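Every read-out reported here was derived from the displayed coordinates using simple, explicitly stated rules and does not represent laboratory data. On a predicted model such as this, the values are computed, not experimentally measured, just so you know. Backbone-built Cβ (ideal geometry, glycine too); neighbour counts: all protein chains shown.
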Amino acid sequence: MLDLRFIRENPDAVRRACEVKRHAADIDQLLELDQAWRDATSRADQIRALVKSASKEIGGLMKAGKRDEAEAKKAEVAAAKSQLEEIERTEGETRAEIDDLLLRIPNLPHADVKAGPEETCNEEVHRWGEPRTFDFKPRDHVEIAESLGLIDFKRAAKLAGSGFACFTGLGAKLERALIGWMIDMHVERHGYREVSTPFIVTSEVMVGTGQLPKFAEDMYHVPKEDFWLIPTAEVPVTNLHRGEILSADDLPIKYVAHTPCFRSEAGSYGKDVRGLSRVHQFDKVEMVNFTTPETSWDQLETLRREAEEVLEALGLHYRTLRLSTEGMTFASAMTYDLEVWAPGAKRFYEVSSASCYADFQARRAGIRFRRTSESKPEFVHTLNASGLALPRLVIALLETYQRGDGTVEVPEPLRHRLGADALRPE
RNA sequence: GGAGGGGUGGCCGAGUGGUUGAAGGCGGCGGUCUUGAAAACCGUUGAUCCGCAAGGAUCCGGGGGUUCGAAUCCCUCCCCCUCCGCCA
C-alpha cells in the first residue's frame with residue numbers, strides 16, 4: 001500500500017506506476033474521495049470537540065446542582081449529535097472506499113527498473129555456467145522420473161486431479177535432501193533463522209503481503225473458517241511481525257522457511273502443463289528479510305546472491321533477470337528472477353524470484369521499527385527470495401545430471417544426505 | 001466440544017460512568033551527584049489522523065449499543081490461560 005499523503009502530493013507518479021505495471025486504478029476518484037473524507041473528518045472533529053466540552057460542562061453543572069442549565073446543554077448536544085451522525089456516516093463510507101482503492105494500487109517500481117513488456121525489457125544481469133551438452137539424446141524430466149520411479153503423476157491425479165505430483169522412493173528422498181540442505185546452507189552460511197509456520201492463514205494476513213484483495217482467484221480458499229492456503233512462505237513469514245514495532249537493533253531480520261505452496265493457477269491451462277513445471281502444490285524454501293529503508297536495496301543484491309549460490313553449489317547453469325515493470329508483481333518494487341537451464345526441455349525455468357517491496361507490505365501489515373527508543377516508528381522494508389522452489393529445481397537436476405544409461409548422477413553436496421551417488425531404477 | 005478466568009501504554013499492573021491518554025512500578029531518555037560507573041534523587045517518556053500553523057479528533061482485543069458523558073454498563077465476535085472431554 002502506498003502512503004495516501006504521497007499519492008495526494010504525487011498523483012502523476014502513481015498514475016505512471018499503474019500504467020507501466022499494467023494495473024488499472026482510478027487515481028482521480030481516489031483524490032476526490034480523499035478530499036471528501038478530509039472535509040467530513042474536519043467537520044466531524046469540530047462537532048465532537050463541541051460535544052466533548054459540553055459534556056464536561058454538564059458534569060460540572062450536575063455536581064453544582066444546576067439541573068436546568070444542564071438540561072439546556074443536553075438539548076444542545078443532542079442537536080449537534082444528530083448532525084454528527086450524518087457526517088460520520090459519510091466519513092466512514094468514504095474512508096472504506098478509500099481504503100479499498102488504496103489496497104488495489106500497485107507498488108511503485110524502483111527507478112532502475114525498465115518500463116515495458118517482459119519480452120523486450122527484462123534485463124539479463126548475470127549468467128553462470130554453460131548449458132550441459134550430451135553425446136546421447138537427452139530425455140526430459142518426466143521420462144527420467146517415471147523410468148526411475150521418482151515421481152508418480154498418475155496416482156497423484158487420482159488423489160487431487162491434474163497438476164499434482166506424488167514423489168516416491170528416492171524422488172521423495174531427493175526432495176527431502178534438497179530441503180534440508182538448502183535450509184542448512186541459509187542458516188549456517190547466510191545467517192538465517194529457521195521458522196516453520198502455519199500453512200493456512202486469515203484474510204488479514206493475505207492483505208498484509210498483497211495477495212488480497214486483488215488476487216483471490218489465484219489461491220485456494222477454505223470456506224469453513226474463511227482461511228486461505230498459502231501460495232508462498234512469504235505470506236506467513238512476513239506477517240510474523242505484523243502490527244509490531246521492532247527495534248533498529250533487531251534489523252536486519254532474516255528468516256528461512258520450508259513450506260508447501262498452493263496455487264490454483266486459474267487461467268493457465270495449456271501453459272507449461274507437462275510434469276513438474278507448473279503444479280498446484282509444491283514445496284519451497286523461502287528467505288524473508290526485514291530491513292531499514294536505507295539498506296534494503298543492497299540487501300536485495302545480497303538476497304539474490306544467496307539464492308544464486310544454491311544453484312552454483314549444485315553446478316546448474318542459470319541466468320538472472322531483472323524484471324521489467326510488466327513482469328513484476330503488484331507489490332514488488334524490484335524483482336530478480338533466477339532461471340535455471342533444463343537441457344531436456346531446452347529452456348530456462350524460473351526457480352526463484354527475489355523481490356524488494358520497500359515499505360509497501362510493511363504499511364499494509366503495520367510492520368515498523370524505531371531507530372532509537374526516542375524516535376518515531378518508521379516502516380521497515382521487506383524482501384524475499386525463493387531459495388529455491390523444489391519442482392523446477394528437480395527438473396533441472398534430473399535433466400542436467402542424466403547419463404546415457406538412464407541413471408542420474410547425484411551432485412556432490414547431496415550425496416551424503418541421499419545416501420547415494422546416483423539415482424538408479426529400484 | 002463443556003466449565004471457569006482473563007485481554008489496559010515497550011513491559012508489569014491499577015482503574016466499575018464524569019475533566020483519565022489513563023495511578024504506580026519496570027524499562028528508556030535527560031539531568032544532579034561521581035575521577036568514571038553504580039546507587040540515590042529530580043525531570044521526562046504512547047500511537048494514528050486532519051491542519052501551513054495554532055490547534056483539534058481518535059485509540060484501553062475487534063465490532064455494535066446505552067448515556068449529555070464509557071477503559072468502566074449491555075450485546076456480539078476474536079484471542080489467551082486453567083480444568084474436563086476428545087485426539088495425531
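What separates the Cα centres of region A:10-70 and region A:189-219 is a distance of 33 Å. For region A:214-315, the percent of C-alpha pairs falling in each 5 Å distance bin, counted from 0 to the bin holding the largest distance, reads 2, 10, 15, 18, 18, 16, 12, 6, 2, 0.
Partners of A:Lys73 within straight-line reach, counting lysines whose Cα lies under 19 Å from its Cα and excluding those fewer than 8 residues away in the same chain: A:Lys52, A:Lys56, A:Lys63, A:Lys81.
In angstrom, the C-alpha Rg and Dmax of region A:56-201 are 33.5, 104. Ratio of Rg to Rh for region A:144-201: 1.12 [Cα atoms; Kirkwood radius as inverse mean 1/r over pairs].
Remark: region A:397-411, residue by residue, has Karplus-estimated 3J(HN,Hα) of 4, 5, 6, 6, 9, 5, 10, x, 8, x, 8, 10, 5, 9, x Hz, where x stands for each Gly or Pro and the curve is 6.51 cos²θ - 1.76 cosθ + 1.60 at θ = phi - 60°.
Charging the Cβ of each Asp and Glu at -1 and of each Lys and Arg at +1, and nothing else, the dipole of chain A about its Cα centre rounds to 680 debye.
Take A:49-59, A:225-235 and order them by the average number of nearby Cβ atoms within 10 Å per residue, most first; the result is A:225-235, A:49-59. Equivalent-ellipsoid semi-axes for region A:131-241 (Cα gyration tensor, √(5λ), whole Å, largest first): 32, 22, 14.
When the listed pairs A:Lys21/A:Lys284; A:Lys154/A:Lys224; A:Lys214/A:Lys284; A:Lys284/A:Lys346 are checked against a 25 Å cut-off, the alpha-carbon distance exceeds it for A:Lys21/A:Lys284; A:Lys154/A:Lys224. Projecting label points 7 angstrom from Cα along Cα→Cβ for A:Val187 and A:Met62 puts them 6.1 nm apart. The stretch between A:Asp45 and A:Arg415, if pulled fully straight at 0.36 nm per residue, gains 126.3 nm over its current Cα-Cα span. Helical content alone sets the calculated 222 nm signal of chain A at -13500 deg cm²/dmol, taking -39,500 (n - 2.57) per DSSP H segment of four or more residues and averaging over every residue.
Each residue of region A:314-426 gets 158 Å³ once the volume of the Cα convex hull is shared out per residue.
For region A:1-125, the alpha carbon positions stretch 82, 23, 18 Å along the principal axes, listed from largest to smallest.
Kirkwood hydrodynamic radius computed over region A:118-423 comes to 20.1 Å, based on all pairs of distinct alpha carbons.
When peptides A:279-286, A:360-367, A:345-352 are sorted by average Cβ neighbour count within 10 Å, with the highest value leading, the order is A:360-367, A:279-286, A:345-352. Once the C-beta distance of A:Ser55 and A:Ala248 is scaled by a Förster radius of 35 Å, the resulting FRET efficiency is 0.25 to the nearest 0.05.
Of all the options A:Leu323, A:Leu108, A:Leu212, the one that moves most in a Gaussian network model of chain A with Cα springs shorter than 10 angstrom is A:Leu212.
Comparing A:Leu101, A:Leu178, A:Leu383 in a Gaussian network model of chain A (Cα springs below 10 Å), the most mobile by mean-square fluctuation is A:Leu101.
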